[in-house]
Amino acid sequence: VERIIARLADNGVDEKFVRAAMEVYRVVRSIEYGYSYAHAIYAINNLPYDDDTKRLVAWELVKQGYLIESQNLRELTKLIGRSDKDLTDFVLANKVIPVRLLEVREDAIDYYVSIGLDREVLEAYVSANNT
């Protein structure tokens, strides 16, 4: 949380972002105390801030290793933003989705694109791993 607050402050972000960061702390604590990832996503979605702030909060949590699990990808991609290349790279690098599925099922890429991952990144990954 301190790193998120410092990063926001270093970038001259206004006070609502800092307050949002404090809300992130509550979300993280809820995960650590056994609440589900779906609960955390719900909490972020209901922060009293604009979508850009919610996206920033969610992405910071993802980069810290929170919120990433395959059954929540659809909600997470909606929260962070559709076709986010960084999120798709992160998901592939951390083996959140069954990567082998991308290689053997023709409709797998279409499915992951439909929930918000980036087609170009997915296709490049499959191409690179099929050589």
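From Val104, Val91, Val62, which residue is more than 30 Å from Leu8 (Cβ to Cβ) and at pLDDT 75 or above? Spell out how you get there, then give the answer.
On the way: Val91 fails: more than 30 Å from Leu8 (Cβ to Cβ); Val62 fails: more than 30 Å from Leu8 (Cβ to Cβ).
Sole residue among the options that is more than 30 Å from Leu8 (Cβ to Cβ) and at pLDDT 75 or above: Val104.
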Being hydroxyl-bearing (Ser, Thr, Tyr) and within 17 Å of Asn72 (Cβ to Cβ) is the filter here, so list the residues in the stretch 85-131 that pass it.
Thr88, Tyr111, Tyr112, Ser114
Among the residues listed as Arg74, Arg82, the single one being open to solvent by 10 Å² or more (accessible area, probe 1.4 Å) and at pLDDT 75 or above
Arg74
From the options Val24, Val57, residue that is buried (at least 17 other Cβ atoms within 10 Å of the Cβ) and modelled with pLDDT under 75:
Val24
Scan the stretch 85-106 residue by residue and report those that are assigned to a helix (DSSP H, G or I), of a type outside the set (Val, Ile, Thr) and open to solvent by 70 Å² or more (accessible area, probe 1.4 Å).
Lys85, Asp86, Asp89, Ala93, Arg100, Glu106
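The values are calculated or read from the model by the stated rules, or taken from the named source; none is laboratory data. Owing to the predicted nature of the structure, the values given are computational and were not obtained by experimental measurement. Here the Cβ is made from the backbone with ideal geometry for all residues, glycine too, and neighbour counts use every protein chain on show. Only protein heavy atoms, including side chains, enter the accessible area calculation; ligands, DNA and RNA are left aside. Shrake-Rupley method; radii C 1.70, N 1.55, O 1.52, S 1.80 Å.
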